[in-house]
Structure formats: C-alpha cells, structure tokens
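The values are calculated or read from the model by the stated rules, or taken from the named source; none is laboratory data. All values reported here derive from a predicted model rather than from experimental measurement. Here Cβ is always computed from backbone atoms with ideal geometry, including for glycine, and neighbour counts include all displayed protein chains.
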Amino acid sequence: MSLAPILAQAAREAKLKEKIEGLMLVSVVWSFGALFPSSSRNKFESFLRDALLDMDIAVTASLPSEDTCSLFDLFFDPLKMRFVKWMSESHLPAITLQVRSIYDINANNSWIVFV
C-alpha cells in the first residue's frame, strides 16, 4: 500500500480544519462580540486573543497584531487561507456600470422608461 494517498488525505483534512477554524473564529467574533457595546469590544478582543494563544489553531498565525488591526476589521478568506481586512481592495470585485435606460416623468407625474 502506498503512503502517498494517505498523506494527501491528511493534507486535505488539515486544510479543511484550518478553513473551519478561520470561519468559526469570525463567527465567534461577530456572534458574541457584536453583542458588546463598542467600548467593551476591546476587552472582548483582548480576552479572545489571549484565549487563542492557548489553543492549537494554525490559522491564527495569519492574524495581524492587535496594534495594527482589530478582529472586527477582518474576515477569513478561505481561498487565501488567511485573514484579510474588510476594506482591502484585493477582495473587492471590479464594478462597471452601463447606463441603458433614461427615466423621465410625464405630465401625469408617472415614470416613463426609455430603453
């Protein structure tokens, strides 16, 4: 029996475990942390970061330090397998708008659509 399929399966399971851990961490932050007033979120974040240090969670290696970014500013990107800031441009899709209709109001104050 070859060892390669067993190692490949173990690698897939480890990656899945990291994805679940990352998504669960974001869920914990927003499920519990959102209940706190903004003045208490820093205490909750400090508690959570301290608790994470005691756990064996590989995905937390991609967490920025508390000085540079709050957990509330992050989401877990399962494709990149790391935490990313909500407002980073790297994950925002490009949006192009094309105007195809012109709206006008007629004498009866109803909308007329010109396509």
Within the set of pairs 6+ apart or on separate chains, which have a first residue in region 47-66 that is part of a helix (DSSP H, G or I), a second that is of a type in the set (S, T, Y) and surrounded by 10 or more Cβ atoms within 10 Å (Cβ to Cβ), and C-beta atoms under 6 Å apart? L52/T60
Need the failing condition index for N42 against (1) among the polar types (S, T, N, Q); (2) in a helix (DSSP H, G or I); (3) more than 22 Å from M87 (Cα to Cα), just the number. (3)
Show the residue pairs that are 6+ apart or on different chains and have beta-carbon atoms under 8 Å apart, the first residue being within region 72-92 and surrounded by 11 or more Cβ atoms within 10 Å (Cβ to Cβ) and in a helix (DSSP H, G or I), the second being at pLDDT below 85 and not aromatic (F, W, Y). D73/M87
